Amino acid sequence: MRTAFKDAGIRGKAALILASWFGVGLVPFAPGTAGTLAGMPLVLFTGCLETPEAALFDLVFIAVSVWTADLSSRILQKDDPSVVVIDEVAGFLLTLFLVPLNLGNVCLGFLLFRLFDVLKPFPIKKLENLRGGLGIVADDLLAGVYANLSLRLLIFFL
């Protein structure tokens, strides 16, 4: 990563910084989990926005995630580098989109998102076959949707 970062231009450096979520993706153990946790401030920020602004923010963030994941994977010459964790942040944003933010919901949302992201039930796993940044991010987005819907069901019934 150091050599790739050093050799990258300004756009490449920006992509690597964002894709690794400011270096969190470099942790040696469970970088996806660390990236999800590091996305918490962004989740809390979007929870303070009105619905249209939160939706627009999430859409822009997803687009940035796809771009940074794509460019970073090309720079690192890997299909889905473990250092890229912005996809987990994007998925976690969807997990808690329009869900009341309290400690219980955030913790349960975190667990559900990690569960769906790791297990990859149908058709999440198939989305990894998409090329480039879209393939890196899409499976986490669907895991976030599954987690969001599951969380809403649990909130409703509990």
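Against the numbered list (1) surrounded by fewer than 19 Cβ atoms within 10 Å (Cβ to Cβ); (2) modelled with pLDDT under 95, LEU42 comes up short only at (2).
Set side by side, the residues ARG2, ARG74 differ, and just one is farther than 22 Å from LEU130 by Cα and charged (D, E, K, R), which is ARG2. Select from the stretch 123-158 the residues that are in contact with a Ser or Thr (Cβ under 6 Å, 6 or more places away or on another chain) and either over 14 Å from LEU98 (Cα atoms) or aromatic (Phe, Trp, Tyr) (or both) and list them in ascending order. Scanning the stretch 123-158 gives a single hit, VAL137.
Summed over the stretch 112-158, the residues that are surrounded by fewer than 22 Cβ atoms within 10 Å (Cβ to Cβ) and either acidic (Asp, Glu) or in a loop (DSSP other than H, G, I, E, B) (or both) give a count of 9. Listed here are the helices (runs of 4 or more DSSP H) enclosed by the stretch 1-78 that have at least 1 residues being over 25 Å from LEU98 (Cα atoms) and in contact with a helix residue (DSSP H, G or I) (Cβ under 8 Å, 6 or more places away or on another chain): 2-7, 10-19, 31-38, 51-76. The set of residues from the stretch 34-74 being within 25 Å of GLY12 (Cα to Cα), among the acidic types (Asp, Glu) and over 13 Å from the mean Cα position of the chain (by Cα) comprises just one member, ASP70.
The set of residues in the stretch 54-111 that are within 20 Å of VAL145 (Cα to Cα), of a type in the set (S, T, N, Q) and surrounded by 21 or more Cβ atoms within 10 Å (Cβ to Cβ) comprises SER65, THR95.
The values are calculated or read from the model by the stated rules, or taken from the named source; none is laboratory data. Being a predicted model, the structure only gives us computed values, none of them experimental. Reconstructed Cβ throughout: ideal geometry from the backbone, glycine too, with neighbour counts over all protein chains shown.
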